[in-house]
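The values are calculated or read from the model by the stated rules, or taken from the named source; none is laboratory data. Owing to the predicted nature of the structure, the values given are computational and were not obtained by experimental measurement. In this analysis, Cβ positions are derived from the backbone assuming ideal geometry, glycine residues included, and neighbour counts consider all displayed protein chains. Heavy atoms of the whole protein, side chains included, go into the accessibility calculation; ligands, DNA and RNA do not. Shrake-Rupley method; radii C 1.70, N 1.55, O 1.52, S 1.80 Å.
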Amino acid sequence: LKGRPNHDSTTLLMDNDDGSIWAIVSAGYLNGLRTAAADAVATSVLARPDAAVVGMLGAGHQAEFEVRAVADVRPIESVLVWSRQGARARELAGRLSDLGVTVQSADMELVCRSADILISATPSSEPLFTNPDWIRPGTHVSAMGADTPGKQELPVELVRNARLFADLPEQSRRIGEFQHVTSVDPGVAIAAIGDVVTGSVPGRVAQQDITIFDSSGIALQDLFVAERVVSVALSANAAVVVEF
């Protein structure tokens with residue numbers, strides 16, 4: 001709408017002692033960074049070390065953050081982008097040209113079949129594709145779009161045959177990508193990505209594993225990011241201080 005991203009947010013930081021607001025942070029850009037950072041952390045412990053091709057499903061506000069973050073944790077050689085709006089995929093490919101790798105728009109099947117790391121970041125309420133065989137053994141998938149009941153980007157059959165990880169498994173079962181597999185298999189195993197990072201739970205066990213990370217977002221991430229930004233802004237005299 002009016003050339004602005006359709007996703008925005010504001011973070012309020014409050015005093016722990018009296019509940020008063022001590023900082024207001026425009027967090028739309030920061031939300032994009034922290035979401036992609038979470039994906040990069042998951043990718044760093046789940047994707048194959050030699051993963052070189054990124055497939056990006058979606059070309060909206062979040063997509064560019066995602067590709068750039070993942071390119072920081074794996075030796076990426078090429079990026080393929082798909083969007084329902086082909087022009088947006090081509091625009092995103094152009095903006096990513098500074099990565100110094102091959103970046104191009106492509107049809108969905110080619111993106112899925114080629115990817116070592118597949119990222120989905122769309123508002124879809126049904127699977128973006130229906131053939132699970134499009135995803136090769138050994139692929140890591142980051143499903144970043146589902147964050148409310150009814151949203152879905154991946155076919156359930158693919159999810160049922162993969163190793164599953166989430167930022168918060170309980171939330172993923174309710175509103176994330178894994179809500180759909182949970183409805184048909186309530187006992188499906190979903191590991192917290194934090195447990196993989198700390199070594200409590202194994203991530204990728206075999207080279208041929210398909211791993212899926214579902215990120216529905218945790219407010220605690222926004223609070224820590226906002227607190228850090230405010231601290232840096234105050235130190236640099238870049239914050240606007242207002243007396244209420």
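Structural remarks
- Any pair with Cβ under 7 angstrom, 6 or more apart, that starts in the stretch 39-52 at a residue that is without any contact (Cβ under 8 Å) to a residue 60 or more places away in the chain and ends at one that is outside any helix (DSSP H, G or I) and surrounded by fewer than 17 Cβ atoms within 10 Å (Cβ to Cβ): Ala40/Asp72
- Elements of the type helices (runs of 4 or more DSSP H) sitting completely within the stretch 169-244 and holding at least 3 residues that are farther than 23 Å from Gly145 by Cβ and among the hydrophobic types (A, V, I, L, M, F, W, C): these cover 219-235.
- In the set (1) under 23 Å from Val229 (Cβ atoms); (2) more than 13 Å from the chain's Cα centre (by Cα); (3) touching a residue at least 40 places away in the same chain (Cβ under 8 Å); (4) open to solvent by less than 30 Å² (accessible area, probe 1.4 Å), the condition left unmet by Ser9 is number (4).
- Filtered residues of the stretch 149-160 (kept if surrounded by fewer than 20 Cβ atoms within 10 Å (Cβ to Cβ), out of contact with any His (no Cβ under 6 Å at 6 or more places or on another chain) and outside any loop (DSSP other than H, G, I, E, B)): Glu157, Arg160
- Taking the criterion of being among the hydroxyl-bearing types (Ser, Thr, Tyr) and either closer than 30 Å to Arg204 by Cβ or in contact with a helix residue (DSSP H, G or I) (Cβ under 6 Å, 6 or more places away or on another chain) (or both), the residues of the stretch 5-53 that qualify are Ser9, Thr11, Thr35, Thr43, Ser44.
- Criterion: modelled with pLDDT of 95 or more, of a type in the set (A, V, I, L, M, F, W, C) and either touching a Lys or Arg at 6+ places or on another chain (Cβ under 9 Å) or surrounded by 14 or more Cβ atoms within 10 Å (Cβ to Cβ) (or both) - qualifying residue of Ala146, Ala189: Ala189
- Residue count, the stretch 103-135 (criterion: without any contact (Cβ under 8 Å) to a residue 40 or more places away in the chain, in contact with a Cys (Cβ under 9 Å, 6 or more places away or on another chain) and part of a loop (DSSP other than H, G, I, E, B)): 2
- Condition check for Ser125: open to solvent by less than 60 Å² (accessible area, probe 1.4 Å) and at pLDDT 95 or above: no
- Residue check, Glu91 open to solvent by 10 Å² or more (accessible area, probe 1.4 Å), modelled with pLDDT of 95 or more and within 13 Å of the chain's Cα centre (by Cα): no
- Of all residues making up the stretch 204-244, the number that are surrounded by 18 or more Cβ atoms within 10 Å (Cβ to Cβ), among the acidic types (Asp, Glu) and farther than 26 Å from Val181 by Cα: 1
- Test for Asp72: is it under 30 Å from Ala233 (Cα atoms) and among the acidic types (Asp, Glu): yes
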